[in-house]
1. Per residue, what volume in Å³ does the Cα convex hull of the chain take up?
2. About its Cα centre, what dipole magnitude does the chain give when the only charges are +1 on Lys and Arg Cβ and -1 on Asp and Glu Cβ, stated in debye to the nearest 20?
3. Could you give me the percent of Cα pairs per 5 Å distance bin for region 200-287, shortest bin first, beginning at zero and ending with the bin that holds the maximum distance?
4. Lone cysteines in the chain, defined as no other cysteine's Cβ under 4.7 Å from theirs: which are they?
5. Below 8 Å, C-alpha to C-alpha, sequence gap of six or more: please give me the relative contact order for the chain in percent.
6. When DSSP beta bridges are limited to those with both residues in region 12-248, what percentage is antiparallel, rounded to the nearest 5?
7. To the nearest µm²/s, what D does Stokes-Einstein give for region 250-335 at 4 °C and 1.567 mPa s, using the Kirkwood radius over alpha carbon pairs as Rh?
8. Pairs on different chains or at least eight residues apart, Cα atoms closer than 23 Å: how many lysine pairs in the chain fit?
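The values are calculated or read from the model by the stated rules, or taken from the named source; none is laboratory data. Bear in mind that the values here come from a model prediction, so they are computed numbers and not experimental data. Every residue, glycine among them, receives a Cβ derived from its backbone with ideal geometry; neighbour counts consider all protein chains shown. For accessibility, only protein heavy atoms count, side chains too; no ligands or nucleic acids. Shrake-Rupley method; radii C 1.70, N 1.55, O 1.52, S 1.80 Å.
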Amino acid sequence: MIDLRSDTLTKPSDGMRKAMAEAEVGDDVYGEDPTVNRLEGFCAELLGKETALFLPTGTMANLVAFLSQTRPGETVIMSEAAHPFHYENANLSMVAGLLTRTISDDLGKFTAEQAAAQIVREDDPHLSPTTLVAVENTTNRGGGACWEYYELENIAGLCRQHRMRLHCDGARIFNACVATNIEVRHYARCCDTLCFCLSKGLGAPAGSILAGDRETLHKALRFRKMLGGGMRQSGILAAAGLYALEHHLPCLNEDHRRARDFRRALEAEGVNFCLPSPTNILYLKAADPAAATAALKQHGVLVLPHGYDRIRVVFHRDIDDAAAAVALEIFKRTLLSTP
Ligand SMILES: Cc1ncc(COP(=O)(O)O)c(C=O)c1O
């Protein structure tokens, strides 16, 4: 099977497994895991933030960021396509007690003007004040769209003006950096907190990083523990994260190239795509997504049906040129003869 459902499917490389096996470890709840400490220090430096925290998942990193920068009963602004709004089991309302105001846009992005229109005034006792804006970079449901620096800087300016915090769900931030040539520290400079996943295109088996200022991250540490995310000898996982950042980053470019070539070849055959795909995530139009997914599976390719009109295809480090070429041929044969 050629598995194009998600970049979360990547398996640890041989070098990564060796680094994990050899990791020096301690009890991280006591702050005594040297490899976790090294990863957190490395990431804080990379992002130009005061400090960083290692968490098991991107979902927990987002939730901890929201909990640390808001109080129950407040409002947060994000895209209607945002991962926490769609795929994190209503944790914003159930756990953080937040109200969400969303902005609709196919790419999962928004302008400062659109965000400004969603701000709830603090002085009206009927209303729940807006205290945080969240952006996603790259956008999962938006076809891997990336933010331009000036777009984020405008949102950051709005947040400063209205004393709101800005969080970036950068699950795939390095895909954005590769596509836009914007350094991760520049993206991070716009945001109060930024999290990213080690377990997607970077190929680690688990782990996310949340970075920000010391005061916020001190709260984040408490919330991580409260949610059950305090791990013990997690240096084994942190070693995978360090290895991913040191060795796998350049491969994201290859994923983007394969995604681009794949798209061009299918467009030449008349296949339609729903959104631009500047990184590794593609949405192909399909009249019957379930039928298209089943037909592709029968020929050896796994994809995800998405909504009523599309299928999702994601390129990642476990899909090399040979696998991409085979997948393309199967798509040509199958999609062109399926509704
Ligand atoms: C944009 C985005 N944010 C957050 C997450 C959550 O990450 P995790 O699966 O590690 O909880 C994902 C997962 O796919 C994602 O795509």
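1. 130
2. Details: 36 positive and 42 negative charges, 85 e Å.
For this selection, approximately 420 debye.
3. Calculated over all Cα pairs of region 200-287, the distribution is 3, 11, 15, 13, 13, 11, 11, 10, 7, 4, 1 percent.
4. Among the cysteines of the chain, those whose Cβ sits 4.7 Å or more from every other are CYS43, CYS146, CYS159, CYS177, CYS190, CYS195, CYS197, CYS251, CYS274.
5. Values: 716 pairs, mean separation 84.7, N = 339.
Over the chain, the number comes to 25 percent.
6. Working: 10 of 26 bridges.
In region 12-248, approximately 40 percent of DSSP beta bridges are antiparallel ones.
7. Numbers: Rh = 12.8 Å.
Value of D from the Cα-based Kirkwood radius: 101 µm²/s.
8. 12
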